[in-house]
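Below: the structure, in structure tokens.
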Amino acid sequence: MRPRGEIREALSAASERMATPFTWRDLASRACVGFGEARQAVRDMQRAGELVRHNEYARVEGINRPMALYLRPTSADTSAPGAALAACWANFV
């Protein structure tokens, strides 16, 4: 596996310091990364499971559409997909 790049490292470090849900623009500003690079990196981080998309959207001044909010995953989010099913089955038997 390839090592993570500088942009993704900076975004990951910045996301650890943010406690509330954040947009990719907030994250890019906190990490001092360009918006274009941050937007693609956040998509990749979501796909890899490093970030979780929040259920709500935020209105940002100067942007017509609401922006998605992201969070760091919790321990329940990062568990294996079949773990809940196996636990349920174990409790049933």
Given (1) charged (D, E, K, R); (2) touching a strand residue (DSSP E or B) at 6+ places or on another chain (Cβ under 7 Å); (3) over 13 Å from Y70 (Cβ atoms), where does R4 come up short, assuming only one miss?
(2)
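Quickly run through segment 62-93 and pick out the residues that are surrounded by fewer than 15 Cβ atoms within 10 Å (Cβ to Cβ) and at pLDDT 90 or above.
Hits for segment 62-93 are N64, R65, P66.
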Of the residues that make up segment 5-12, is at least one surrounded by 17 or more Cβ atoms within 10 Å (Cβ to Cβ), in contact with a Leu (Cβ under 8 Å, 6 or more places away or on another chain) and either among the charged types (D, E, K, R) or assigned to a loop (DSSP other than H, G, I, E, B) (or both)?
no
Out of the residues in segment 13-28 that are over 11 Å from Y70 (Cβ atoms) and of a type in the set (A, V, I, L, M), which is surrounded by the most Cβ atoms within 10 Å (Cβ to Cβ)?
A28
Qualifying positions in segment 13-36 - of a type outside the set (A, V, I, L, M), touching a residue at least 40 places away in the same chain (Cβ under 8 Å), closer than 21 Å to G62 by Cα and assigned to a helix (DSSP H, G or I):
W24, R25
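Taking segment 1-49, which residues are among the basic types (K, R) and within 12 Å of the chain's Cα centre (by Cα)?
Matches in segment 1-49: R8, R39, R43, R47.
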Hey, can you tell me all the residues within segment 37-66 that are under 14 Å from R8 (Cβ atoms), without any contact (Cβ under 8 Å) to a residue 24 or more places away in the chain and of a type outside the set (K, R)?
Q40, A48
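The values are calculated or read from the model by the stated rules, or taken from the named source; none is laboratory data. Nothing here was measured: the structure is a model prediction, and the numbers come from that model. Ideal geometry is used to build each Cβ from the backbone, glycine not excepted, and the neighbour counts take in all protein chains shown.
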